[in-house]
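The values are calculated or read from the model by the stated rules, or taken from the named source; none is laboratory data. On a predicted model such as this, the values are computed, not experimentally measured, just so you know. A quick note on method: Cβ atoms are made from the backbone with ideal geometry, for glycine too, and the neighbour counts reach across all protein chains shown. Only protein heavy atoms, including side chains, enter the accessible area calculation; ligands, DNA and RNA are left aside. Shrake-Rupley method; radii C 1.70, N 1.55, O 1.52, S 1.80 Å.
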Amino acid sequence: MKMNTPNKLTILRMFLVPVFVYFMLGPVPGGNAGRIIAGVIFIAASLTDTLDGYLARKNNEITVFGKFMDPLADKLLVCSALICLVELHIVPGWIVIVIIGREFIISGFRLIAVEKGIVIAAGLWGKLKTISQMVMVILLVFPFTGFVHTLGLIFMWIALALTIISLVDYITKNKNVLEEVH
């Protein structure tokens, strides 16, 4: 299989995850320098998500690989960042469990839907959830203090609320996926 540019960007995003984690938690002199580098890596990886989606649609290069791996790469990036923030005692573990739990539930729904030949597109609440999580991570990964850190904590609560709202919306709109076919 020939890899197109959008799929290469998705793979790049996945390779950036362990590099991000290393700089977030690894033995980098100065501590804050590592978090700044990790923040830049997170932003760059997030931008590859926007770019790969744009290129795939623009050049009509949407692939099965991309449909599956792109959301997986996004989840890997965000969940890794959230776990690092728990490790650094910046975000409470229970909030990350709710966020990651939602991702598992939605992934399970999507697997069942695929088995039934149903394609479920991302909804508005899910997109808002993703944006709020990205903003939260960016604000909290960098070693900001004061207002910016407080804004990051506010986005943490916004992300949590949107995680729950998007889960309820997703299940409500797609409950037919769980119905047994006779």
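At 222 nm, what helix-only mean residue ellipticity would the chain give, in deg cm²/dmol to the nearest 500, using -39500 (n - 2.57) for each DSSP H run of four or more? Each step should come with its number before you reach the end.
On the way: 6 runs with 141 residues, N = 182.
Taken over the chain, the calculation gives -27500 deg cm²/dmol.
Mind checking which aspartates and glutamates have their C-alpha under 19 Å from residue 8, skipping anything on the same chain fewer than 8 residues away?
49, 52, 61, 70, 74
How many Å² of accessible area per residue for the stretch 8-158, probe 1.4 Å? Don't skip to the answer; put the middle values down first.
Values: 8210 Å² over 151 residues.
Counting only protein heavy atoms, the per-residue value for the stretch 8-158 is 54 Å².
Evaluate the distance, in nm, between pseudo-label points positioned 7 Å from the Cα of residue 175 and of residue 157 along their respective Cα→Cβ axes.
Calculated label separation equals 3.1 nm.
With contacts defined as alpha carbon pairs under 8 Å and 6 or more residues apart, what's the relative contact order of the chain in percent?
Numbers: 170 pairs, mean separation 43.5, N = 182.
After rounding, I find 24 percent.
Would you mind finding the longest exposed-site-free stretch of the chain, with exposed trypsin sites (Lys or Arg not before Pro) meaning DSSP loop and at most 13 other Cβ atoms within 10 Å?
On the way: sites that count: 2, 116.
Result, exposed sites excluded: 3-115.
Dipole size in debye (nearest 20) for the chain around its Cα centre, Lys and Arg Cβ +1, Asp and Glu Cβ -1?
Details: 15 positive and 11 negative charges, 59 e Å.
Taking the Cα centre of the chain as origin, the dipole is about 280 debye.
Do any chymotrypsin sites (Phe, Trp or Tyr not before Pro) in the stretch 1-84 lie in a DSSP loop with no more than 15 other beta carbon atoms within 10 Å, and if so, which? Spell out each step's value before the answer.
Details: sites: 15, 20, 22, 23, 42, 54, 65, 68; in loops: none.
When the chymotrypsin sites (Phe, Trp or Tyr not before Pro) of the stretch 1-84 are filtered for loop state and at most 15 Cβ neighbours within 10 Å, nothing remains.
For residue 111 paired with residue 89, estimate the spin-label separation in nm (one decimal), with each label point 7 Å from Cα along the Cα-to-Cβ line.
My value for the distance between the label points is 3.7 nm.
Given a 1.4 Å probe and every protein chain left where it sits, what share in percent of the accessible area of the chain is carbon and sulfur?
Of all accessible area on the chain, carbon and sulfur atoms account for 72 percent.
I need the helices of the chain that pass two filters: whole DSSP H segments spanning 27 Å or more by Cα along the axis, and mean Kyte-Doolittle score no lower than 0.0.
On the way: long enough: 5-25 (30 Å, 1.27); 32-58 (39 Å, 0.64); 64-87 (35 Å, 1.30); 93-115 (33 Å, 1.58); 146-173 (40 Å, 1.59).
Result, helices passing both filters: 5-25, 32-58, 64-87, 93-115, 146-173.
Once the dipole of the stretch 7-99 is set up with Lys and Arg at +1 and Asp and Glu at -1 on Cβ about the Cα centre, which of 89, 34, 19 lies farthest towards its positive end?
19
Mean separation of Cα pairs under 8 Å and 6+ residues apart, divided by the residue count of the stretch 99-182: what relative contact order is that in percent?
On the way: 57 pairs, mean separation 33.7, N = 84.
Answer for the stretch 99-182 is 40 percent.
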